Amino acid sequence: MLDVARTRIISDKYKQSIVGDLDACLRALDPSGRDISDIGATYEAELARWFDMPHALAVSSGGAALTTAFATLGVGPGDEVVLPPSCPLCTVYPIIQLGATPVFCDTESDGFGLDAAALAAVITARTRAIVEVPMWGYPTRLGALRDAAHRHGIPLVLDLAHAHGSKLDGLHLAAYGDVSCYSTHERKPLATGEGGFMLFRDAETARRARAFTRFGELDGRTFGINHKLSPVQASLGLHRLGHLAEQIARRRANASFITERLTDAAIHPLAPLPGAEPNYYFLLLALPEAESRSVIDQLDRSGVPSDIKRYGCKPLYEFAQCAEYRRDCPQADRMLRTVTTVPVHPGLTQDDLDHIVASIRACRP
Ligand SMILES: *Cc1c(COP(=O)(O)O)cnc(C)c1O
């Protein structure tokens, strides 16, 4: 039986030791007045290696990564960018900021990937990019999406702010995108406080993106703004990247622990797609539509927080800032109303995991 008197709130964020990590960074920086701008280059080389991609660029935030991606692809006034309405406001604002029009496209019925038929219907001669956002780290059908985008001659931008280390058919998700954007905000699986990075397959796209983040290399011929990552954060990222594989393994083990204990329960985790290895940024539960609010509230009261509740997730066109771009996307709407997130980060104790299992099993849908 669940101990309801216990009102402890399980943290939805992995809190790493900033003191220990900064100490390690300072030791890395200290030797003999090393030029700290080197750290950025080392961090980028390690990111490229870790994600198995030829080119990496560290930037000041996930939002900066998206702005840089769109600007590099030439997105501007009069252009259209296709994206799912189930992603955060952070993904759509950079499109609006560049004067382009966000075009919402419905998602599949079993996940947050763009639906192929819906995509074919929204592409026009003005579509300059297609954006996929594998929410909470769950891989979507990226191979088919990339092929569809390329058949139309349109680049695929991946917002992988949740998906560090998620794989599909053995490949990091970035392998499927033309430009991949990550955030290292403090709530993300790799955290530098604020920060982000981008991964590219094509050297020329990477070069243009780099120039954009450095005022166009200040040569006065190409436009740019400052989206560089500070060397101090690069140092923290470099240090923490060394632990990321082990932390994702812990997330996967925590997700399996919970999943295995819910096989005979009323509420089950959402099944990842075949070939998908989520990083388990969060574990998603599939909820019955009519009772999903009540289940989320019951879990919240027993100290298990939900990202859906925290951010009031709903299709982006329901927010005032995006109302003018409204296009009803019933499947995305339904997906957002029938899932919730459960923390499985590496900071959870065995006691936390037992409490999460007991809380889910105690829910009366
Ligand atoms: C966090 C997030 C962003 C924005 O990243 P910042 O580093 O906070 O600018 C963009 N897209 C998604 C999907 C995110 O979760």
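Overview of results
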{"read-out": "Selected residue (criterion: nearest to ASP333 (Cα to Cα)) from residues of region 64-92 that are within 13 Å of the ligand (Cβ to nearest atom) and of a type in the set (Ser, Thr, Tyr)", "value": "SER86"}
{"read-out": "Only listed residue being of a type outside the set (A, V, I, L, M, F, W, C) and within 16 Å of the ligand (Cβ to nearest atom), chosen from HIS268, HIS227", "value": "HIS227"}
{"read-out": "LEU89 vs. criteria farther than 21 Å from THR205 by Cβ, among the aliphatic types (A, V, I, L, M) and either in contact with a Cys (Cβ under 6 Å, 6 or more places away or on another chain) or modelled with pLDDT of 95 or more (or both)", "value": "yes"}
{"read-out": "Region 235-268: number of residues that are surrounded by 19 or more Cβ atoms within 10 Å (Cβ to Cβ) and under 20 Å from the mean Cα position of the chain (by Cα)", "value": "10"}
{"read-out": "Boolean, HIS355 is under 19 Å from GLU260 (Cβ atoms) and either touching a helix residue (DSSP H, G or I) at 6+ places or on another chain (Cβ under 8 Å) or among the β-branched types (Val, Ile, Thr) (or both)", "value": "no"}
{"read-out": "Residue that is nearest to the chain's Cα centre (by Cα), among those in region 166-184 that are of a type in the set (Gly, Ala, Ser), within 16 Å of the ligand (Cβ to nearest atom) and part of a loop (DSSP other than H, G, I, E, B)", "value": "SER166"}
{"read-out": "Residue ranges of helices (runs of 4 or more DSSP H) in region 294-365 with at least 3 members under 24 Å from the mean Cα position of the chain (by Cα) and under 30 Å from ALA253 (Cβ atoms)", "value": "307-311, 330-337"}
{"read-out": "Criterion violated by GLU194 - all others in (1) assigned to a strand (DSSP E or B); (2) touching a Ser or Thr at 6+ places or on another chain (Cβ under 6 Å); (3) within 21 Å of GLY242 (Cβ to Cβ) satisfied", "value": "(1)"}
{"read-out": "Qualifying residues in region 149-159 (those that are within 14 Å of the ligand (Cβ to nearest atom) and in contact (Cβ under 8 Å) with a residue 40 or more places away in the chain) - the one farthest from ALA129 (Cα to Cα)", "value": "ASP159"}
{"read-out": "THR213 vs. criteria among the β-branched types (Val, Ile, Thr) and away from the ligand (no atom under 16 Å from the Cβ)", "value": "no"}
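Yes or no, residue by residue, for (1) more than 12 Å from the ligand (Cβ to nearest atom); (2) under 29 Å from ALA323 (Cβ atoms); (3) crowded, with 18+ Cβ neighbours inside 10 Å:
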position: PRO94; (1), (2), (3): no, yes, yes
position: THR107; (1), (2), (3): yes, yes, yes
position: VAL131; (1), (2), (3): no, yes, yes
position: ALA144; (1), (2), (3): yes, no, no
position: ALA161; (1), (2), (3): no, yes, yes
position: GLU186; (1), (2), (3): no, no, no
position: PHE197; (1), (2), (3): no, no, yes
position: ASP202; (1), (2), (3): yes, no, no
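For (1) closer than 28 Å to GLY143 by Cα; (2) in contact with a Leu (Cβ under 7 Å, 6 or more places away or on another chain), each residue gets a yes or a no:
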residue	(1), (2)
LEU270	yes, yes
LEU283	yes, no
VAL295	no, yes
GLY303	no, no
LYS309	no, no
LYS314	yes, yes
GLU318	no, no
GLU324	no, no
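The values are calculated or read from the model by the stated rules, or taken from the named source; none is laboratory data. Nothing here was measured: the structure is a model prediction, and the numbers come from that model. Please note: Cβ atoms are built from the backbone with ideal geometry, for glycine as well, and neighbour counts cover all protein chains shown.
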